[in-house]
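Asker: Structure below; questions to follow.
The values are calculated or read from the model by the stated rules, or taken from the named source; none is laboratory data. Computed from a predicted structure; not experimentally measured. Note: ideal-geometry Cβ built from the backbone for every residue, glycine included; neighbour counts use all protein chains shown. SASA here: full protein model, heavy atoms, side chains in, ligands and nucleic acids out. Shrake-Rupley method; radii C 1.70, N 1.55, O 1.52, S 1.80 Å.
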Amino acid sequence: MIERPSPNFDSRPDGAVVDMLVLHYTGMESAEAALDRLCDPGSKVGAHYLIGEDGTVWRLIDEAVRAWHAGAARWRGESDVNARSLGIELVNPGHAFGYRDFPEAQIEALVGLAHDILARHPIPARNVLGHADVAPRRRKDPGERFPWAKLAAAGIGLWPDRASPMEAEPVTVVAMLAEYGY
């Protein structure tokens, strides 16, 4: 893991418990561009971790503090998602710059990092989310190419119980939870 400190954080409110993991894509053309933005104090955008397409993991912000990654967001009645969550950015150009599949090395690194995070924090499976789940009117990431079924098979998050996860249509966590009556 590479340390690359970002100034884009503040203190969590007293009593805040990390019980959400929010996944994003960078929506930028390269890892270098994403690192520059996430570490630029003028951008006011940060994340706890960034994972490159080759599986490189950068720690940008300590888990003890609130990173500015979700913006105006809500989940299960909570409006300060940043105060209760950890944010992971995945290098991917996103819909604006040629959205593509997430490479296997990147997803393997995400699975390892997520397992480590889940061992440290009481994050229920229903709270492993995409940015689009907590801010559906303004965000699409990590998007329809993100392998939610693969993460669920690794014990991270949820995926609907279907005959074959690979046959299932991509859905957001919001739609999937609605299917289960949450």
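Asker: Put a dot 7 Å past each Cα toward the Cβ at ARG100 and GLU78; how far apart are the dots in nm?
Answerer: For the pair GLU78/ARG100, the computed spacing is 3.5 nm.
Asker: Let me ask another. Give the ranking of HIS115, HIS48 by solvent-accessible surface, highest area first, calculated with a 1.4 Å probe.
Answerer: HIS115, HIS48
Asker: Please list, in order along the stretch 149-160, the HN-Hα scalar couplings obtained from phi with the Karplus expression 6.51 cos²θ - 1.76 cosθ + 1.60 (θ = phi - 60°), rounded to whole Hz, x for Gly and Pro.
Answerer: Karplus-based 3J(HN,Hα) across the stretch 149-160 equals 4, 5, 5, 4, 5, 8, x, 10, x, 10, 8, x Hz.
Asker: Rounded to the nearest 500, what is the 222 nm mean residue ellipticity of the chain from helices alone, with -39500 (n - 2.57) per DSSP H run of 4+ residues and division by all residues?
Answerer: One gets -6500 deg cm²/dmol as the mean residue ellipticity at 222 nm.
Asker: Per residue of the stretch 96-108, what does 6.51 cos²θ - 1.76 cosθ + 1.60 with θ = phi - 60° give for ³J(HN,Hα)? Whole Hz please, x for Gly and Pro, Karplus curve as stated.
Answerer: Going residue by residue, I get 7, 10, x, 3, 9, 4, 8, x, 4, 4, 5, 5, 4 Hz, with x marking Gly and Pro.
Asker: Report the extension gain between GLU144 and ASP36 in nm, rounded to one decimal, defined as 0.36 nm multiplied by the number of residues separating them, less their alpha carbon distance.
Answerer: 36.3 nm
Asker: Then there's this: Let me spell out the model: positive unit charges on the Cβ of Lys and Arg, negative unit charges on the Cβ of Asp and Glu, origin at the Cα centre of the chain. What dipole size does that give, in debye rounded to 20?
Answerer: 540 debye
Asker: Please name which of ALA70, PHE146, LEU38 has its Cα lying farthest along the dipole of the chain towards the positive end, using unit charges on Cβ (Lys, Arg +1; Asp, Glu -1) and the Cα centre as origin.
Answerer: Of the candidates, ALA70 comes out farthest on the positive side.
Asker: Below 8 Å, C-alpha to C-alpha, sequence gap of six or more: please give me the relative contact order for the chain in percent.
Answerer: That works out to 25 percent.
Asker: Next question. So if R0 is 30 Å, what FRET efficiency would ASP10 and ASP161 give, r being the distance between their Cβ atoms, rounded to the nearest 0.05?
Answerer: Once rounded, the FRET efficiency stands at 0.15.
Asker: Arranged from highest to lowest average of other beta-carbon atoms within 10 Å per residue, in what order do the peptides 72-78, 60-66 appear?
Answerer: Going by the mean number of other Cβ atoms within 10 Å, highest first, we get 60-66, 72-78.
Asker: In addition: With N denoting the number of residues in the chain, provide Rg(C-alpha) divided by 2.2 N^0.38 Å, to two decimal places.
Answerer: 0.96
Asker: Something else now. Once amide H atoms are built 1.01 Å from N in the peptide plane, which residues 5 or more positions from LEU86, or in another chain, come under 5 Å H to H?
Answerer: Under 5 Å from the amide H of LEU86 lie the amide H atoms of MET20, LEU21, VAL22, each far enough along the sequence or on another chain.
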